[in-house]
Amino acid sequence: MSSTILQIDNVSRVFPGVRGGAPVRALEPTNLQVGKNDFITILGPSGCGKSTLLRIVAGLDRPTDGRVLLNGREIRGPGADRGMVFQSYTLFPWLTIAENIAYGLREKGMPKEQRRDIVASYTEKVGLRGFENHYPKQLSGGMQQRTAIARALANDPEILLLDEPFGALDNQTRGLMQELLLGIWERERKTVLFVTHDIEEAIFLASRVVVMSARPGRIKADIPVELPHPRHYTMKTTPEFSSLKAQLTEEIRVEAMQAEGVH
Amino acid sequence: MPRPLEPVSQGTRVTLGISFFVLFVAAWAFATLGGFVSRTFLADPITMLQDGWLLLTRFGFLSDIGVTVWRVVGGFIIAAMVAVPLGIMMGAYKSFEAFLEPFVSFARYLPASAFVPLLILWAGIGEMQKLLVIFIGSVFQIILMVAVAVGNTRRDLVEAAYTLGSSDQGVVKRVLIPANAPEIAEILRLVLGWAWTYVIVAELIGSSSGIGHMIIDSQALLATGQMIFGIIVIGIIGLISDFLFKAVNRKLFPWRLA
């Protein structure tokens, strides 16, 4: 395995009880190592703590115990070295598409001319040329999420965190977005941590699928995906893909049943 | 019968809006010109217009209007300059909110008009006193409403800004403020409307100019036509300022309509 860039060390999270209720264990002590250029998908049923784990890596939530190291340094809060794409549309509605993509660069104090080049290149990469001066409201959900990806990448983060970014999109758009993201990853070799509950999505994108168990969440399986790159959407119908899917479906099914209280 | 929530065309909207004004004036004319109400207590529309014309041409009412507008705008701008930053601070920083919110909530219920006698004692009957009445009437309202608006900023936008490298200050400057700017403008528009009621109250007592002063003067002469004209002028100015505010907001915040 390539050198470790992100190390999750015994990270757990307990949410305090609401109105005198019992505290909720969202995440059991969890260990995970992410190598440079890995594309890891975290797969699990809803409420398994996978988003909590990602938010802790982003620095938006604090672990109750344990720590997360990025390049050997402990994470204490959010920062530009970890780009995040959320499931909800989080483009700044008062900024145009180009201004949204430039947001992080502006926060760094990068001069305007330099910003313009980077923005142009990422606008191109996510296929949004011609929409630079549109406001987010004028764009479809898929286009907004592409902008959000460009906005996160423009910052040149060490690792890209995605929290079910395509969850609100229709099936066709989701497929296209997966290919777009995978294409960018294949070309630029970013390190990616991608949370999803969609099995096909998890396999198609990943170099490793991490399966999480139902609440309290913990890592149940860590499965390498040896499918060759570049991947084409037709790969989803190959026997290798299908057998992986069958295996993961089985893993997830047990967890989903437990989460729903079915035995 | 129209369906609930079903929109109407722009033409219908304007026609309906105007027709109520027409109906209102017609009822007024019928009651007064028809002799159902004593002229001593309520002037008819025609007398009102004649009185208004006299006020404007012979008694320099235009300068009264000017003075009143100046007081409202002056007091309101001072209040906004104090209240908007405070409101943003309260919305953004919870400790600041905990510190000021109880007092501001209390002060908000102090009626500005009740301060008039006290303010005359403190500031005399000059312009300062008028400005202070409007200031007291508006400032606490603006603070609280702005604080609530800023406090309700979408959390995911704030989180996105942090993951893009914003500092705490950057989040306030480049997320909380721009995200709420249209709402703050809307709050100012609302409170400006209330400021108009305070200025008249301030002018009713211890004043020698302004629309309110004219109204109280006319009362001594039982000139109900003039009084009504004064009240209507206030309404019209309010309508104009509202319209201007909305037009400016549309220009300033195109992304809202995009």
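The values are calculated or read from the model by the stated rules, or taken from the named source; none is laboratory data. Everything quoted here is computed from the prediction, not taken from an experiment. So basically every Cβ, Gly included, is an ideal-geometry build from the backbone, and we count neighbours across all protein chains shown.
Would you confirm whether or not segment A:147-155 contains a residue that is more than 23 Å from A:T173 (Cα to Cα) and of a type outside the set (S, T, Y)? Within segment A:147-155, one or more residues are more than 23 Å from A:T173 (Cα to Cα) and of a type outside the set (S, T, Y).
When segment A:81-94 is examined, which residues are found to be surrounded by 24 or more Cβ atoms within 10 Å (Cβ to Cβ), over 19 Å from B:I177 (Cα atoms) and either more than 7 Å from every other protein chain (Cβ to nearest Cβ) or among the hydroxyl-bearing types (S, T, Y) (or both)? Answer for segment A:81-94, where residues must be surrounded by 24 or more Cβ atoms within 10 Å (Cβ to Cβ), over 19 Å from B:I177 (Cα atoms) and either more than 7 Å from every other protein chain (Cβ to nearest Cβ) or among the hydroxyl-bearing types (S, T, Y) (or both): just A:V85. Residues of segment A:152-164 that are within 12 Å of another protein chain (Cβ to nearest Cβ) and in contact with a strand residue (DSSP E or B) (Cβ under 8 Å, 6 or more places away or on another chain): A:A152, A:L153, A:N155, A:P157, A:I159, A:L160, A:L161, A:L162, A:D163.
Within segment A:95-102, one or more residues are of a type outside the set (V, I, T), touching a Pro at 6+ places or on another chain (Cβ under 9 Å) and facing chain B (nearest Cβ under 9 Å).
Please tell me if A:S3 is farther than 20 Å from A:R218 by Cα, modelled with pLDDT of 90 or more and polar (S, T, N, Q). Considered against the rule, which asks whether it is farther than 20 Å from A:R218 by Cα, modelled with pLDDT of 90 or more and polar (S, T, N, Q), A:S3 comes out as no. Among the residues of segment A:236-255, what is the count of those that are touching a residue at least 24 places away in the same chain (Cβ under 8 Å) and either of a type in the set (D, E) or touching a Leu at 6+ places or on another chain (Cβ under 6 Å) (or both)? Residues in segment A:236-255 being touching a residue at least 24 places away in the same chain (Cβ under 8 Å) and either of a type in the set (D, E) or touching a Leu at 6+ places or on another chain (Cβ under 6 Å) (or both): 2 in total. Would you confirm, using the coordinates I've provided, whether A:E113 is in contact with a His (Cβ under 6 Å, 6 or more places away or on another chain) and more than 19 Å from A:P78 (Cβ to Cβ)? Taking the combined requirement at face value, the residue does not satisfy it. Count of segment B:56-72 residues, restricted to those that are among the charged types (D, E, K, R) and either within 25 Å of B:W194 (Cβ to Cβ) or touching a residue at least 60 places away in the same chain (Cβ under 8 Å) (or both), is 2.
Taking helices (runs of 4 or more DSSP H) as the structural unit, those lying wholly within segment B:144-237 and holding at least 2 residues that are more than 14 Å from every other protein chain (Cβ to nearest Cβ) and out of contact with any Cys (no Cβ under 7 Å at 6 or more places or on another chain) correspond to B:177-204, B:211-220. Quick check on segment B:199-211. Is at least one of its residues without any contact (Cβ under 8 Å) to a residue 24 or more places away in the chain, surrounded by fewer than 15 Cβ atoms within 10 Å (Cβ to Cβ) and not polar (S, T, N, Q)? No, the conditions are met nowhere in segment B:199-211. Just one of the listed residues (A:L32, A:L70) is more than 14 Å from chain B (Cβ to nearest Cβ) and in contact (Cβ under 8 Å) with a residue 60 or more places away in the chain, and it is A:L32. With respect to the conditions (1) aliphatic (A, V, I, L, M); (2) within 30 Å of B:F30 (Cβ to Cβ); (3) touching a Leu at 6+ places or on another chain (Cβ under 9 Å), B:I78 falls short on a single one, namely (2). A single member of A:P78, A:P63, A:P45 is within 13 Å of chain B (Cβ to nearest Cβ) and either surrounded by fewer than 21 Cβ atoms within 10 Å (Cβ to Cβ) or part of a loop (DSSP other than H, G, I, E, B) (or both), and it is A:P78.
Only residues that are closer than 19 Å to A:D163 by Cβ, within 10 Å of chain B (Cβ to nearest Cβ) and touching a helix residue (DSSP H, G or I) at 6+ places or on another chain (Cβ under 6 Å) were counted across segment A:105-150, and they come to 1.
Of all the listed residues (A:I101, A:I184), the sole one being surrounded by 21 or more Cβ atoms within 10 Å (Cβ to Cβ) and either in contact with a Ser or Thr (Cβ under 8 Å, 6 or more places away or on another chain) or closer than 20 Å to A:Q87 by Cβ (or both) is A:I101.
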